[in-house]
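Working notes for the structure below.
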Amino acid sequence: MLGRGVKRKWSCLADLEAEALPAEKQKNGEEGPGDEGGFHVAPSESDMSHLQQRQLVLGLCLEKLQHYQAGVELSLRRSVLLINTLRQIQEDMQSDGVETCTSETLLNDVNADSCLLRDDVREDMPVTCPGCSEGDGDDLPLSPPLSPEFPSQEANSSADQPRSLPPATISSFSDAVNAMGYLSDLALDDIFEDIDTSMYETSDLPSAWAAGSLWPISVSLWADEDVKMRPSSHASAGSLQSCLMDLNELDHIMEILVKS
Amino acid sequence: MEEESDTRKINNSFLRDHNYATEADIISTVEFNSSGELLATGDKGGRVVVFQREQESKSQPQRRGEYNVYSTFQSHEPEFDYLKSLEIEEKINKIKWLPQQHAAYFLLSTNDKTVKLWKISERDKRPEGYNLKDEDGRIRNPLTITSLRVPVLQPMDLMVEATARRVFSNAHTYHINSISVNSDLQTFISTDDLRVNLWNLEITDRSFNIVDIKPANMEELTEVITSAEFHPQQCHTFAYSSSKGSIRLCDMRQAALCDKHCKYSPLADHRAILQASAEQEGGEGWGCEEEEVEKDFEEPEDPSTRSFFSEIISSISDVKFSHNGRYLMTRDYLTVKVWDLQMENKPLETYQVHDYLRGKLCSLYENDCIFDKFECVWNGSDSVIMTGSYNNFFRMFDRNTKRDVTLEASRENSKPRAILKPRKVCVGGKRRKDEISVDSLDFSKKILHTTWHPHENIIAVAATNNLYIFQDKVN
């Protein structure tokens, strides 16, 4: 994280502001950032629009949540703060409702995993990733089950069917959860008792699942035994719906993976 | 035994002669003891280095009590949690001294999981003249002994030894962020993200959980405990701060479990916990006049300043009672606040530490600096408060005159015994000669840990792996 003399590229900010504020950077250029080997902050960000900032923060948030060092326990405080920020963005997006589907710039620079953050959206509003947006106009409801979306053209067929996550995301999430160790004080028996192990016999499963990881079902970051389907009406129970997958979806995802 | 020399020598007044910087040397905590005679530092490598103040000598009055290395020991070692396949860092998170009662010194040091009580004692005599072994320690042949003698204590070179007297472990699932010794000198609390545990210093296999904010369903977790401290005089009162910017003042006499779910339960019997005297009725013996009630200290949020980072920057990184026990100081990302214990709805005073960063929160979020936890500290008379910032800057606020100053802890900018020059950050527009612009601040140089001598104007500031000790100007 601390660049040793390497100039950090504030790529996100730079991209956003490249068009907007070229002059600003010149002004502050006399003591350029990154000169002394420490790291510095980018010049003024106040002119970033709310949407742009939200998009940026969303991407960063997910990136931070997914990035972890194997073998080192994550800070619970940090994770809680990140998740809360994610929730806040989610609520903000919800309240923004109408604008989201029209704005193409929204998710441009955010990595595909940000698609996870979709739920509680009203039925008439297909919030989709840029990849999905073409030809998905009439492909609607995110109505139950709540599901993450993914720019996959094949999964267009049925509106009810959840999109699949990229396999890499699934395993990295579960690995991340393992590393977080939130479940350390739970009896391991409780965790395993309602897991249906029949699905783990598929050889295509990412290894993390098959290893009987602590968090096999849900990709919620610290949830425990909750593997049941969540109807959308419970969405606002305060839990991070966007990261949950239930058993049925998992089945479906496996089908898609096997096909592709 | 030869004296262990610490490679981290310090120039007492203002500079450090430290030439290399390994990660293990990063100082993670600093603390003066209650007399100010000793200064302890803990580092990322699990070591504790204790400095002792030299006795003032008449022959060299200008060397007014410099601090020299007194003892160095390895407090914690890295461990491996086999169940979770995770390493437990040996980094010392906090050190707290016990007030000195005898010749030896005692301190508590903690890493993420284990608290240890260390005894630091001096040995300056040793017995000589054993009968059964000679001076080298070799056993003598008893047949060669023709006469007996009584061993005599002879002076020897001063040896300082540190021994672990207690190990308090296996009580924390999450990472310990603070420890605090009770004014009763018999108990202490250790705090992790979700729980506060009360220990008796003599008993290591049992602790009492007095705060537990873990929700039944971890998915509903939205808040963690960030720090906790005992009241300096009232041994039944402690405060803990949260990641949402609130502080709760708790009274252990009210309930066995001091959290929001058991706020007003009937009195629990704490005699087993507190081995203090039985004069608990009406708070006698504790200097408390009125009945304590649990209080929540929180300032209502200003909706106009709400952003995606509002919660993160409101997260309290440190909470400290004033020495007189009337105030509470909290540090969040951008401000330091002083609270009157009698007034929970808003702070008495708010000081801006580095408000120029408010417009940079997005960048600071990206580089993770927004999660930095700065400590704050009172001076002995509670008239000045101090906290750290970036670029090796630290700030002092005089509560009476309302004046503040920014100083820098760096070798380049200070010469021995020179007065520190106040620094200024320029926020925009024209930058004056000595000012530094916000964009040039080095965010890898952060002063997270500072401590103030209990009686005098001597401060110790940890700048990554360097320790700076600053004193008031000597006339």
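The values are calculated or read from the model by the stated rules, or taken from the named source; none is laboratory data. In this text, all values refer to a predicted model and were calculated from it rather than measured experimentally. Quick reminder, even Gly has a Cβ in these numbers, built from the backbone with ideal geometry, and neighbours come from all protein chains shown. Side chains are part of the model used for accessible areas, which takes the heavy atoms of the whole protein and leaves out ligands, DNA and RNA. Shrake-Rupley method; radii C 1.70, N 1.55, O 1.52, S 1.80 Å.
A few comments on the model shown:
- Residue in segment B:363-377 that is nearest to the other protein chains (Cβ to nearest Cβ), counting only those that are out of contact with any Phe, Trp or Tyr (no Cβ under 7 Å at 6 or more places or on another chain) and farther than 14 Å from B:SER444 by Cα: B:GLU375
- Hits in segment B:194-222 (condition: within 12 Å of another protein chain (Cβ to nearest Cβ), more than 22 Å from B:VAL319 (Cβ to Cβ) and of a type in the set (Asp, Glu)): B:GLU219, B:GLU220
- Test: residue in segment B:406-420 that is in contact with a Ser or Thr (Cβ under 7 Å, 6 or more places away or on another chain), in a loop (DSSP other than H, G, I, E, B) and open to solvent by less than 20 Å² (accessible area, probe 1.4 Å): no
- Members of segment B:394-425 found to be of a type in the set (A, V, I, L, M, F, W, C) and modelled with pLDDT of 85 or more, listed by number: B:PHE394, B:MET396, B:PHE397, B:VAL405, B:LEU407, B:ALA409, B:VAL425
- Of all residues in segment B:430-457 being of a type in the set (Val, Ile, Thr) and crowded, with 21+ Cβ neighbours inside 10 Å, the one that is nearest to the other protein chains (Cβ to nearest Cβ): B:VAL438
- B:THR401 more than 14 Å from chain A (Cβ to nearest Cβ) and open to solvent by 20 Å² or more (accessible area, probe 1.4 Å): yes
- Scope segment B:220-233; condition crowded, with 20+ Cβ neighbours inside 10 Å and farther than 20 Å from B:ILE312 by Cβ; matching residues: B:ALA228, B:GLU229, B:PHE230, B:HIS231
- In summary, B:SER207 fulfils each of the numbered conditions (1) over 24 Å from B:TYR327 (Cα atoms); (2) surrounded by 15 or more Cβ atoms within 10 Å (Cβ to Cβ); (3) modelled with pLDDT under 90 with the single exception of condition (3).
- Considering segment B:324-362, and only residues there that are without any contact (Cβ under 8 Å) to a residue 24 or more places away in the chain and touching a Phe, Trp or Tyr at 6+ places or on another chain (Cβ under 7 Å), the residue that is surrounded by the most Cβ atoms within 10 Å (Cβ to Cβ) turns out to be B:THR335.
- Just one of the listed residues (B:LEU357, B:LEU341) is within 14 Å of chain A (Cβ to nearest Cβ) and of a type outside the set (D, E, K, R), namely B:LEU357.
Results for (1) at pLDDT below 90; (2) facing chain B (nearest Cβ under 7 Å); (3) touching a Phe, Trp or Tyr at 6+ places or on another chain (Cβ under 6 Å); (4) open to solvent by less than 20 Å² (accessible area, probe 1.4 Å), shown as yes or no for each residue.
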residue: A:LEU51; (1), (2), (3), (4): yes, no, no, no
residue: A:LEU62; (1), (2), (3), (4): yes, no, no, yes
residue: A:LEU65; (1), (2), (3), (4): yes, no, no, yes
residue: A:LEU74; (1), (2), (3), (4): yes, no, yes, no
residue: A:ARG87; (1), (2), (3), (4): no, no, no, no
residue: A:ASP92; (1), (2), (3), (4): yes, no, no, no
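- Conditions (1) out of contact with any helix residue (DSSP H, G or I) (no Cβ under 6 Å at 6 or more places or on another chain); (2) within 14 Å of another protein chain (Cβ to nearest Cβ); (3) modelled with pLDDT under 95: number failed by B:SER389: (3)
- For B:SER304, the test of being in a helix (DSSP H, G or I) and either surrounded by fewer than 21 Cβ atoms within 10 Å (Cβ to Cβ) or at pLDDT below 80 (or both) is passed.
- Condition broken by B:GLU311, with the remaining ones in (1) under 17 Å from B:LYS244 (Cα atoms); (2) open to solvent by less than 20 Å² (accessible area, probe 1.4 Å); (3) at the interface with chain A (Cβ under 10 Å from one of its Cβ atoms) satisfied: (2)
- Scanning segment B:167-193 for residues that are away from chain A (no Cβ under 14 Å) and among the hydrophobic types (A, V, I, L, M, F, W, C) yields B:VAL167, B:PHE168, B:ILE179, B:VAL181, B:LEU185, B:PHE188, B:ILE189.
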